[in-house]
Amino acid sequence: MNKHIQYKYQFIRYLSLITLSFISLSVFGQIFSTEQNPLSVKWNYINAGGFKIIYPAELEKDAQRMANTLPYIYPKVGLGLRQQKTSIPLVLQNRGTIANGFVQLAPKKSEFYATPPQYFDSQDWLNNLAVHELRHVAQFDKLTGAQAHPFPELVYFAYFGAGIPTWFFEGDAVVNETALTYSGRGRQPNWIMPFRASILEGKKFSYSKAYFGSNKDVTPGYYQTGYLMVADMKEKYGKFISDSLLGDIRKRPARLYPFSQSLKKFTGKNTKNYFLSTQTKLEEKWKVQDQKSPSENYESLNAKAELATTYFLPARLNKNQVLALKESKQDARYFVIINADKTEQKLFGIGYQEQPWFSLKNDVLVWDEIRYDPRYKQRSYSVICSYNFKTKKFRKLSSKSRLFSPSLSGDGKKLVAVKVDLSNQFNLVEIETATGQILKTYPNLENHILQTPSFDSWGNKIAYISLSEKGKSLWLIDGVKKTQLIPDTRQQLTRPIFIGSKIAFNAHYNGIDNIYDVDVASKKISALSDSKYGAFNPTETQDGKITFNDYKLNGYEISEKNFSETNIGKNEFVDFASSAEKQENIGNVFEKVPENKFESKPFHQGLNLFSFHSLIPVIDDEYVFGLELQSNNLLNTMDFYTGAKYHRDLARFEYTADVSYKALYPVLSILYRNRPQRTFYNTKTGIKQGDWRENYTKLNASVPVSFSALNHNYSFTLNVATSLTQRYMAENMPSNFLTKLKFPMEYNFTFNHSVRTTERDIAPKWAQVFRVTYDNQPFDKNLKGEILALESFLYFPGVAKNHSFLASFNYQKANGVNQYATEIATVYGYNNILAKSRLENSLLFNYRFPFAFPDWELGSLAYVRNLRAGLFCHYENIGVDTNISQPKTYGVELNSSLNLLRYQPVIDVGARLVFVNQIYNQNPILEFSFNYSF
């Protein structure tokens with residue numbers, strides 16, 4: 001993290017402390033990327049109705065469509081907040097393979113990631129993003145007065161997070177997307193399935209647990225919680241309740257818990273009480289649905305889990321074993337074999353997937369993984385990996401590809417997958433498993449979005465899902481013949497597979513996600529499962545059964561049943577957004593979108609390096625404070641900061657300017673300081689004070705490179721820096737005072753390897769970090785000196801899951817002007833212990849472990865997620881001050897992760913008791929820590 005990103009976070013923290021709250025840059029629960037595209041991407045832009053659409057040249061068609069769509073639907077999206085016009089840049093991204101969309105300030109913009117996931121709503125992907133993200137634009141406009149540049153944007157952004165809970169922003173947007181279309185996440189039973197299962201199983205949540213999550217249980221999530229609460233508000237208090245709440249917050253911002261107070265003003269309940277009343281309503285509604293929806297209880301083939309655990313996509317390896325992808329609060333995703341006695345055999349972990357997916361046939365296993373470009377993280381790929389159970393060998397079948405949802409033929413010799421190019425053209429492709437070569441590409445002239453294809457047993461037929469604004473369809477390809485088995489529907493069709501002469505798939509015809517099949521000849525649809533909460537991902541067994549996922553309280557479990565068909569039943573789904581839909585009375589907001597042709601112009605990156613958005617206070621410490629003007633451009637290629645700080649102890653000003661250019665392979669930065677300095681030095685007549693000013697300029701070049709393979713992550717960073725210091729206006733300085741410090745050199749190389757972690761992990765189970773630092777003075781004869789530092793951090797598994805043992809040995813050798821510098825990790829309590837000699841080495845042992853996950857809601861003060869402890873034993877200057885039998889410090893620590901004052905960022909607080917070796921004559925040291933993360 002560079003210095004000015006830290007400044008930005010620090011400012012947000014200080015402002016939030018003033019308002020007794022904390023704020024995250026990811027305030028709307030989405031990932032705000034600060035990464036770059038390769039410099040080779042050619043960008044164009046279109047101006048249309050307040051939207052400046054910036055996009056790669058390959059997305060011309062989609063950009064023209066969005067130029068027509070966004071101005072047309074914004075008045076409808078913003079109507080409930082009384083917003084009819086806006087002005088905002090929109091960046092369309094096409095180099096990545098991870099679906100996302102967000103709206104932000106500092107700078108004000110929105111980004112749509114154009115490559116859709118393989119499972120989402122039953123409408124066009126970019127339309128899906130538009131109807132949701134434009135509601136966030138309207139929320140911003142409501143709070144900022146619809147200013148094109150609500151200066152200072154960072155202050156607005158900080159206040160939004162400090163004053164308004166994330167669940168309201170997202171819940172309001174999901175209600176809106178559901179009410180204005182025939183789709184929307186509010187219409188998907190599986191989207192709120194975890195909440196429904198918990199309620200009907202008698203497991204209610206506190207407000208904080210539903211909002212912030214848990215390290216042990218499945219919780220609703222703030223999207224779902226917010227959707228259900230806002231939908232209830234609109235039903236009870238009308239279409240403009242969100243407008244009333246945000247309007248009141250804008251009028252009266254300077255309050256503790258402004259949203260909760262405004263909510264109580266209009267509804268009579270604060271946030272906690274409104275959640276509890278909504279939860280009671282949900283219980284009543286879902287119990288009625290449950291009584292009207294008879295279900296079958298399926299026995300689980302996996303062992304019962306005591307915490308949230310999921311087994312994805314079960315498939316029979318043989319009569320006695322089932323293969324699945326397992327993940328839990330304790331374990332990152334890996335392949336597991338479940339035996340007939342419910343014991344488990346762990347195979348291997350895998351990398352990040354957009355959604356869980358694999359295919360198993362004839363002892364061949366294939367799956368897709370996301371792999372990032374080593375340098376430009378806006379570019380990612382979806383590659384196909386394979387594992388052979390007979391040879392025990394791994395292979396990567398594709399590199400730098402955009403291939404999704406691979407599915408094998410019965411003999412495992414070929415597979416079918418979805419291919420998406422940079423212009424968002426979708427095609428099905430056949431690939432030879434042995435070589436990775438594409439054998440055939442199937443035409444898709446309508447360019448529908450294609451999802452989750454599968455082969456029949458002989459590899460002659462393909463079933464797949466297509467998607468457009470009209471909905472989803474199920475198709476069959478048999479040679480050159482293509483047949484639509486299920487026409488456009490709003491059902492969440494997914495993952496079709498061949499079972500005999502029929503095709504099984506997932507849908508929610510009875511208001512609960514279940515498994516169905518369709519007869520290819522008659523196109524009759526029948527139900528294959530009748531799950532209480534949801535059944536998914538069927539595979540056929542050799543003895544006429546289906547193995548599938550059955551959702552239970554703690555996640556997706558594995559069940560099996562005989563193949564039998566029943567009627568699909570009556571839809572008893574509880575549509576909580578029905579009142580909001582009636583209030584809007586629009587139908588589908590995307591009907592009758594114009595088809596105008598807009599002028600497209602080149603977007604020159606070199607002419608758009610600056611985007612000034614904020615003037616903010618900065619506080620270095622109790623003596624140094626000031627103002628800083630910030631610029632971050634729309635493509636994340638250049639950051640610029642300039643400002644002035646006042647040194648209270650020196651009664652003088654400092655002037656700063658920093659620029660970082662990130663479009664090239666190395667990240668280049670320049671830092672400038674015109675600053676006052678003061679020192680004290682010994683003379684024959686006593687200690688004197690000396691003052692001067694200096695111009696300090698530092699140049700830095702950094703090459704950050706990282707990549708992954710399966711569940712292993714690797715990174716390398718090379719950093720080179722130099723500086724020039726020119727001193728002037730010296731007062732009371734000695735005659736040998738140096739006025740110029742010429743180009744000291746700094747070199748740093750870091751290597752990092754780790755395995756994927758899960759939320760309970762304190763550190764990776766296995767990780768190695770090595771760092772080499774070398775500083776010297778090759779260009780200045782007056783200042784001789786150098787320092788060489790070697791650091792190592794080795795992480796190992798502890799005696800129980802999620803325990804971590806760290807062994808760190810560090811060495812430095814310094815002389816000349818660097819002789820008292822510290823470049824290596826030091827013992828705990830270092831700054832409070834009088835040194836007996838210069839630092840030369842350190843050996844650190846840390847053992848850390850979680851011991852409780854209480855999910856305590858301590859009123860409105862805090863929500864305690866976990867409690868952790870640690871033991872440490874640290875050595876310093878072994879062979880100089882001490883030996884291996886005499887640690888310099890040792891002790892215990894206690895930490896907790898919590899949410900303070902019902903705000904989103906996770907706060908880590910802790911205390912450490914440091915005992916010092918008796919030769920230092922030092923009393924025990926008590927240290928406190930306070931950190932936060934997003």
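The values are calculated or read from the model by the stated rules, or taken from the named source; none is laboratory data. The structure displayed is predicted, hence computed values, not measured ones. When we count neighbours, we look across all protein chains shown, and the Cβ atoms used for this are built from the backbone with ideal geometry, even at glycine.
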V137 being surrounded by fewer than 24 Cβ atoms within 10 Å (Cβ to Cβ), in contact with a strand residue (DSSP E or B) (Cβ under 9 Å, 6 or more places away or on another chain) and β-branched (V, I, T): no
Could you list, in sequence order, the residues of the range 834-852 that are in contact with a Lys or Arg (Cβ under 9 Å, 6 or more places away or on another chain), over 17 Å from A763 (Cα atoms) and surrounded by fewer than 20 Cβ atoms within 10 Å (Cβ to Cβ)? E840
Across the range 773-801, the tally of residues that are outside any loop (DSSP other than H, G, I, E, B) and among the small types (G, A, S) stands at 3
Is it the case that the range 233-255 has a residue that's within 17 Å of Y207 (Cβ to Cβ), part of a helix (DSSP H, G or I), without any contact (Cβ under 8 Å) to a residue 60 or more places away in the chain and within 27 Å of the chain's Cα centre (by Cα)? no
Name the residue, out of K813, K801, that is basic (K, R) and more than 30 Å from S208 (Cα to Cα). K813
Which residues, counting only those in the range 430-440, are on the phi < 0 side of the Ramachandran plot and either in contact with an Asp or Glu (Cβ under 8 Å, 6 or more places away or on another chain) or surrounded by 18 or more Cβ atoms within 10 Å (Cβ to Cβ) (or both)? E430, I431, T433, I438, L439, K440
For the range 107-151, which residues satisfy the criterion of being aliphatic (A, V, I, L, M), within 26 Å of P496 (Cβ to Cβ) and either assigned by TED's automatic domain parsing to the domain that holds Q451 or in a helix (DSSP H, G or I) (or both)? L126, L129
State all residues of the range 318-335 that are closer than 15 Å to F389 by Cβ and either surrounded by fewer than 17 Cβ atoms within 10 Å (Cβ to Cβ) or free of Cβ contacts under 8 Å to residues at least 60 places away in the same chain (or both); if no residue qualifies, say none. N318, N320, Q321, L323, F335
Filter the range 868-917 for residues that are of a type in the set (A, V, I, L, M) and within 24 Å of the chain's Cα centre (by Cα) and give the result. L898, L900, L901, V906, I907, V909
Could you please give the count of residues in the range 385-429 that are over 26 Å from I98 (Cα atoms) and buried (at least 20 other Cβ atoms within 10 Å of the Cβ)? 2
Given the conditions (1) out of contact with any helix residue (DSSP H, G or I) (no Cβ under 8 Å at 6 or more places or on another chain); (2) within 30 Å of F212 (Cβ to Cβ); (3) at pLDDT 95 or above, which single one is not true for D855? (1)
Assess whether S110 counts as being over 19 Å from the mean Cα position of the chain (by Cα) and closer than 18 Å to L634 by Cβ. no
Considering each residue of the range 592-650, count those that are touching a Lys or Arg at 6+ places or on another chain (Cβ under 9 Å), of a type in the set (D, E, K, R) and assigned by TED's automatic domain parsing to the domain that holds Q64, and give that number. 1
Looking only at the range 733-772, count how many residues are in a strand (DSSP E or B), among the hydrophobic types (A, V, I, L, M, F, W, C) and in contact with a Lys or Arg (Cβ under 9 Å, 6 or more places away or on another chain). 4
Counting only residues that are among the β-branched types (V, I, T) and within 17 Å of K561 (Cβ to Cβ), how many does the range 295-343 have? 2
